[in-house]
1. Being in contact with a His (Cβ under 6 Å, 6 or more places away or on another chain) and either of a type in the set (Ser, Thr, Tyr) or in contact (Cβ under 8 Å) with a residue 12 or more places away in the chain (or both) is the requirement here; does GLY71 meet it?
2. Determine, yes or no, whether LEU64 is assigned to a loop (DSSP other than H, G, I, E, B), open to solvent by less than 40 Å² (accessible area, probe 1.4 Å), touching a strand residue (DSSP E or B) at 6+ places or on another chain (Cβ under 7 Å) and within 15 Å of the ligand (Cβ to nearest atom).
3. Does any residue in the range 135-159 that is open to solvent by 10 Å² or more (accessible area, probe 1.4 Å) and away from the ligand (no atom under 13 Å from the Cβ) come within less than 7 Å, Cβ to Cβ, of a residue that is part of a loop (DSSP other than H, G, I, E, B) and polar (S, T, N, Q) six or more places away or on a different chain, and which pairs are these?
4. Identify the residue in the range 39-48 that is more than 13 Å from the ligand (Cβ to nearest atom) and open to solvent by 10 Å² or more (accessible area, probe 1.4 Å) and, among all such residues, is nearest to GLU3 (Cα to Cα).
5. Determine the pairs where a residue that is over 14 Å from HIS10 (Cα atoms) and free of Cβ contacts under 8 Å to residues at least 60 places away in the same chain, located within the range 23-48, has a partner that is hydroxyl-bearing (Ser, Thr, Tyr) and surrounded by fewer than 17 Cβ atoms within 10 Å (Cβ to Cβ) with Cβ atoms under 7 Å apart, the partner being 6 or more residues away or on another chain.
6. Identify all residues within the range 102-134 that are in contact with a Ser or Thr (Cβ under 9 Å, 6 or more places away or on another chain) and either crowded, with 18+ Cβ neighbours inside 10 Å or in contact (Cβ under 8 Å) with a residue 60 or more places away in the chain (or both); write none if there are none.
7. Can you pull out the residues in the range 193-207 that are under 16 Å from the mean Cα position of the chain (by Cα) and part of a helix (DSSP H, G or I)?
8. Name the residues in the range 192-238 that are open to solvent by 10 Å² or more (accessible area, probe 1.4 Å), within 17 Å of ALA29 (Cβ to Cβ) and within 16 Å of the ligand (Cβ to nearest atom), would you?
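The values are calculated or read from the model by the stated rules, or taken from the named source; none is laboratory data. Source: prediction; values computed, not measured. As a convention, Cβ positions derive from the backbone with ideal geometry for all residues, glycine included, and neighbour counts pool all protein chains shown. Areas reflect the complete protein model, heavy atoms only, side chains present, ligands, DNA and RNA absent. Shrake-Rupley method; radii C 1.70, N 1.55, O 1.52, S 1.80 Å.
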Amino acid sequence: MMEIIDSHCHLDVEDFDADREAVLADCRAQGVNRIVVPGVCADTWDRLLEVCRQNRGLYPALGLHPYYIRGHRREHLAALEQRLADEPDLVAVGEIGLDFYIDDPARERQTGLFEAQLAAAAAADLPVIVHVRKAHKQVLKSLKRVRLGRGGIIHAYNGSLEQAREYIDLGFKLGFGGMITYERARNLRRLARELPLESIVLETDAPDMSGDICHGRRNSPQYLPHYLAVLAALRDESAKTVAQATRRNTLDVLKLDCPQKNR
Ligand SMILES: [Zn+2]
């Protein structure tokens, strides 16, 4: 069976409380046997770590998401640095980034928090999982200012081909998921077709970013094989080739095969 990794899924949120184990059993039956679970706010980290401890194949990351910029406090950043030192299971710092699409985005505050978390990742020798909306230029600037040892993943990538190349040069992989199933997503489909396969990872961002298979309903890692099939068809490659390469890319960038801290 093909093994597929979901490099970005919020499996800790309450949308999955009623049937998390059934969802995971169905995932495993379809070959989706590893899932990276990024954190978004300090008050959800404990629960996230607990969910990851209780279920096999789940890999936790912790971070302060730019969407919730108004809720983050200085002490949350200190708490993150402490967790990076204390929690041996973390595979990345994330979900962090810049979101200039939200109302009243507090750009300077977002940028300060983002760069502080990049520095924390660099100090802990961890990669980062990055959320970007309407801010690729600024994110690239920050990534050049605060140099990481390990690169990471630009999740739900939807920038230009040029910017993709810049990210790749900085050691990043680019995440694609359910949005490529929509014909109207022309830029995204073009990226998915033209980017080198070595730079692509698969993700769902479940319960958000539902593809055509679950339009208007909860997205789930159960649908990742469908997104894989769509990606393979767009690229005119076999599902097996795309599954193997994206799995390898995710294992490499997050070092999921190494058992301990500083993977
Ligand atoms: Zn996310």
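1. Answer is no for this residue.
2. yes
3. Hits for this filter: zero, empty list.
4. Pass one, the range 39-48, residues more than 13 Å from the ligand (Cβ to nearest atom): 42-43, 45-47.
Now drop any that are not open to solvent by 10 Å² or more (accessible area, probe 1.4 Å), which leaves 42-43, 46-47.
Values: ALA42: 32, ASP43: 33, ASP46: 29, ARG47: 27 Å.
Out of the qualifying residues, it is ARG47.
5. Every condition considered, no pair remains.
6. THR111, PHE114, LEU118, ILE129
7. Across the range 193-207, the qualifying residue is only SER199.
8. We begin by selecting, within the range 192-238, every residue open to solvent by 10 Å² or more (accessible area, probe 1.4 Å); these are 193-194, 196-198, 205, 207-210, 212-213, 215-218, 222-223, 225-226, 229-230, 233-238.
Checking which are within 17 Å of ALA29 (Cβ to Cβ) leaves us with 213, 222-223, 225-226, 229.
Correct list: TYR223 only.
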